[in-house]
Amino acid sequence: MAAQYIKTWRVGRVEISRLVELWRFDDDLSMLLEGATPAMILERPWLSPDHATPAGRMVINFQGFLIKVGPRNIVVDTCIGSDRQREFEVFCNLKSDFLDDLAALGVAPNDVDTVLCTHLHFDHIGWNTQWVDGRWVPTFPKARYLFGKLEHEHWMMLRETHGYHDVRHLAECVDPIVAAGLADFVTPEHRLCDEVWLEPSPGHTPGHVSVHISSQGEEAILTGDLMHHPLQIALPTHPARFDMNRDAGAQTRARFVQRYGNRAALVIGSHFSGPTAGWIVPEGAGWRVEGQS
């Protein structure tokens, strides 16, 4: 997506930039939440127009992030990627500007020292690799790629047992990283540096993690896919279709909202459309997002 959609937030001495691959993708809310109706969006005016269409369809982004802290360049989730064949037609044969957006932020592939994948769904690992001379090779050859140990083991099990999930993306986006010796398998509480560490947020996948940033008395959280749409802050326990463990996903979201509700912590939703970041504030007996412009 063109560099016009890049957005950067500063948290203390840390810069976090949004890298958008699909901007304002809209779909029926029931695609995400079981039994959902447009009324669930329309009765919450705070969702419009940023996160909803006038007809009550949800609006989300597909995006990754660049974290700059000191000399370090950390890429969090690498989107879908160009020229891929995926389970859903809408994600096939994309022409992604992901690397161009990184370049607009002054970062070339060789400048990236860390790639962190919050989990291993196809839309979070695509640019781990690129097609060069007839094969998939690491896009960021000088980086260490951080995969959750539990997360990786679960996906390997799914492939070995022909389990319940499409796994074709692993051969393109994970296996070449492991073969190149660039993968580190980390715990859900892994600390990347003094300002950046992981928080376990299981349910969407078994080893799913979110990313906590804390610097100079300010803090932010990259959610990953513990939620996809701000409505899930108002309805954290509503079953989400794409959670591998729906009960655990609901529990994780409820804990997240209680932990960060009414707290000076910038919540950056990995699939939230613009403004993408905001604070969880009270709304009646529940919660909503107050977006940062």
Members of region 251-262 that are at pLDDT 95 or above and not hydrophobic (A, V, I, L, M, F, W, C): 251, 252, 253, 255, 258, 259, 260, 261
Evaluation of residue 80 against (1) among the aliphatic types (A, V, I, L, M); (2) closer than 15 Å to residue 16 by Cα; (3) touching a Phe, Trp or Tyr at 6+ places or on another chain (Cβ under 6 Å) (one fails), failing number: (2)
Residue match in region 30-47 (condition: surrounded by 14 or more Cβ atoms within 10 Å (Cβ to Cβ), assigned to a loop (DSSP other than H, G, I, E, B) and on the phi > 0 side of the Ramachandran plot): no
Whichever residue in region 92-128 is aromatic (Phe, Trp, Tyr) and touching a Gly at 6+ places or on another chain (Cβ under 8 Å) and, among such residues, is nearest to residue 80 (Cα to Cα): 127
Selected residue (only one of 97, 77 is surrounded by 22 or more Cβ atoms within 10 Å (Cβ to Cβ), within 19 Å of the chain's Cα centre (by Cα) and within 20 Å of residue 6 (Cβ to Cβ)): 77
Matching option when the condition is closer than 23 Å to residue 173 by Cβ, exposed (fewer than 14 other Cβ atoms within 10 Å of the Cβ) and among the aliphatic types (A, V, I, L, M), among 108, 55: 108
Residue that is farthest from residue 220 (Cα to Cα) [pool: residues in region 1-29 that are β-branched (Val, Ile, Thr) and part of a strand (DSSP E or B)]: 20
Subset of region 255-275 that is crowded, with 19+ Cβ neighbours inside 10 Å and polar (S, T, N, Q) - its residue that is farthest from residue 61 (Cα to Cα): 270
Top-ranked residue in region 204-221 [being in contact with an Asp or Glu (Cβ under 9 Å, 6 or more places away or on another chain), surrounded by fewer than 21 Cβ atoms within 10 Å (Cβ to Cβ) and small (Gly, Ala, Ser); ranked as nearest to residue 289 (Cα to Cα)]: 214
Filtered residues of region 162-199 (kept if touching a residue at least 40 places away in the same chain (Cβ under 8 Å), surrounded by fewer than 18 Cβ atoms within 10 Å (Cβ to Cβ) and among the charged types (D, E, K, R)): 166, 168, 184
Out of 179, 248, 183, sole residue that is touching a Phe, Trp or Tyr at 6+ places or on another chain (Cβ under 6 Å) and modelled with pLDDT of 95 or more: 183
Residue list for region 139-180, restricted to those being part of a helix (DSSP H, G or I) and among the aliphatic types (A, V, I, L, M): 150, 156, 157, 158, 170, 171, 177, 178, 179
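The values are calculated or read from the model by the stated rules, or taken from the named source; none is laboratory data. All of these numbers come straight from a predicted model, not from anything done at the bench. For neighbour counting, all protein chains shown are included, and Cβ atoms are generated from backbone atoms with ideal geometry for every residue, glycine included.
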